[in-house]
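We did not get these values from a lab; they are worked out from the coordinates using the rules stated. All of these numbers come straight from a predicted model, not from anything done at the bench. Reconstructed Cβ throughout: ideal geometry from the backbone, glycine too, with neighbour counts over all protein chains shown.
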Amino acid sequence: MSIDPIADVALRASTTVAEETGVLHCDACNEPIEGEPAGSGLYVWTRGDEVRYEEPPLCMCCATAIGVTALAAWSVEEEEG
Ligand SMILES: [Zn+2]
């Protein structure tokens, strides 16, 4: 029982779509990820006193590529350090 049947249907429809698709897309290449994401990137940035973390889902390919890139960046920093 709903006061507004149209709003009720709209709410139910959006919920159903989210539940039925439930497909994650790679944050880097936008490919759909089947099952669990292979890995997740970790974005960390600061804005004043605020520290924010984001872990976007990544497919196997991008998780590997980004992981290698991050390792390479870190090793360069250490060498320069
Ligand atoms: Zn990807």
FRET efficiency estimate (nearest 0.05) - Cβ-Cβ, residue 76 to residue 25, R0 30 angstrom: 0.50
Mind giving me the nanometre distance, one decimal, between the label points for residue 52 and residue 9, set 7 Å out from Cα along Cα→Cβ? 3.8 nm
Can you give me the long-range amide H partners of residue 27? Hydrogens built in the peptide plane at 1.01 Å from N, cutoff under 5 Å, separation of 5 or more residues or another chain. 58, 59
